[in-house]
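The values are calculated or read from the model by the stated rules, or taken from the named source; none is laboratory data. The shown structure was predicted, so the numbers you read here are calculated from the model rather than taken from an experiment. Using ideal geometry, Cβ is built from the backbone for each residue, glycine included, and neighbour counts are taken over all protein chains shown.
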Amino acid sequence: MKFFKFFTSFIGLFIIGLFISHADIDNDWIENFVNTFEQTDAEFKFYDIKANCLIEGELCENEMKNICMDIVKALNLNKKDIKWKIKNNKEELKIYAELKGNIYDLSFATVKKNGEESYIIVDILSNKVYKNIGDVYKQLYSVLNVHSNDIQVFTCIAGQYTKKLQLDKCNDILKNILYNMNAKEIDKIRQNGLISVTAYSNLLTENDLEYLEDKINLNIGIRYSENEDKTLIYIATPIIKLDY
């Protein structure tokens, strides 16, 4: 079931990522992004990096697996720990790989259809440290950039507060994030204990995404979790690609 759900995300991820500008490998925005999270004074919960790319031309099974192993090597993970699932027939080739490391977990999926192009999705999740997020982003992008010039990356840092925050406090946190990221609010949704803000930051222009008649590249979510009795905060660029 997990294998099926991961592959069904291909369509949605590619549609919503069609209008994202290609990222600059220098990624100067990452330091500002991390500093802004730190200034929220939230306790780090996890970060998630999702990347998808289109590779034109026909790739064989070994070539597709090698891309995954190149990512594993770049992240200093052990290729012996990879768990593979492969579906190969005349119509399409699907490869799914999963690896759980000491610092972060990696999921890799690729599908080839009609021998004309292949799609790749990579998901990196860490709940240990966040100081290395810039290096992980650059290493992942560098590997994918060898094979494709059509890459979209979604980056999210999540934190938590050990109590329920009042609305005024949540609004103050949102204002500070927008200020620190030199961002303008584009849209705001508040419902069922969730506040979600989409914005445009001059510091994140590498991650621009078309949104109706505007551009956005920053997404902030704050919600109270009754189960955990904590207030959770998510800061993402260009958008939050998680169920939260």
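Could you list, in sequence order, the residues of the stretch 94-152 that are part of a helix (DSSP H, G or I) and touching a Lys or Arg at 6+ places or on another chain (Cβ under 9 Å)?
First, the residues of the stretch 94-152 that are part of a helix (DSSP H, G or I): 133-147.
Answer for the stretch 94-152, where residues must be part of a helix (DSSP H, G or I) and touching a Lys or Arg at 6+ places or on another chain (Cβ under 9 Å): just V143.
Is it the case that the stretch 32-50 has a residue that's within 18 Å of E117 (Cβ to Cβ) and crowded, with 16+ Cβ neighbours inside 10 Å? Give the derivation first.
Taking the stretch 32-50 and keeping what is within 18 Å of E117 (Cβ to Cβ), we get none.
Checked against the condition, which is being within 18 Å of E117 (Cβ to Cβ) and crowded, with 16+ Cβ neighbours inside 10 Å, the stretch 32-50 yields no hits at all.
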Requested in this report: Among the candidates K79, K65, single out the residue that is in contact with a helix residue (DSSP H, G or I) (Cβ under 6 Å, 6 or more places away or on another chain), at pLDDT 90 or above and not aromatic (F, W, Y).
Outcome: K79
Query - Subset of the stretch 210-244 [under 14 Å from the mean Cα position of the chain (by Cα), part of a strand (DSSP E or B) and not hydroxyl-bearing (S, T, Y)] - result: L218, N219, I220, I235, A236
Report task. Please list, ordered by first then second residue, the pairs with beta carbon atoms under 6 Å, 6 or more apart or interchain, first in the stretch 218-230 and modelled with pLDDT of 95 or more, second surrounded by fewer than 20 Cβ atoms within 10 Å (Cβ to Cβ) and aromatic (F, W, Y). Result -> G221/Y244
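Within the stretch 103-116, does at least one residue satisfy the condition of being free of Cβ contacts under 8 Å to residues at least 40 places away in the same chain and buried (at least 20 other Cβ atoms within 10 Å of the Cβ)? Talk me through it step by step, then tell me what you get.
First, the residues of the stretch 103-116 that are free of Cβ contacts under 8 Å to residues at least 40 places away in the same chain: 103-106, 113-114.
Going one step further and asking which of them are buried (at least 20 other Cβ atoms within 10 Å of the Cβ), we end up with 104, 106.
Yes: the stretch 103-116 contains one or more residues that are free of Cβ contacts under 8 Å to residues at least 40 places away in the same chain and buried (at least 20 other Cβ atoms within 10 Å of the Cβ).
Taking the stated definitions as given, is Y119 farther than 30 Å from Y224 by Cα and surrounded by 18 or more Cβ atoms within 10 Å (Cβ to Cβ)?
yes
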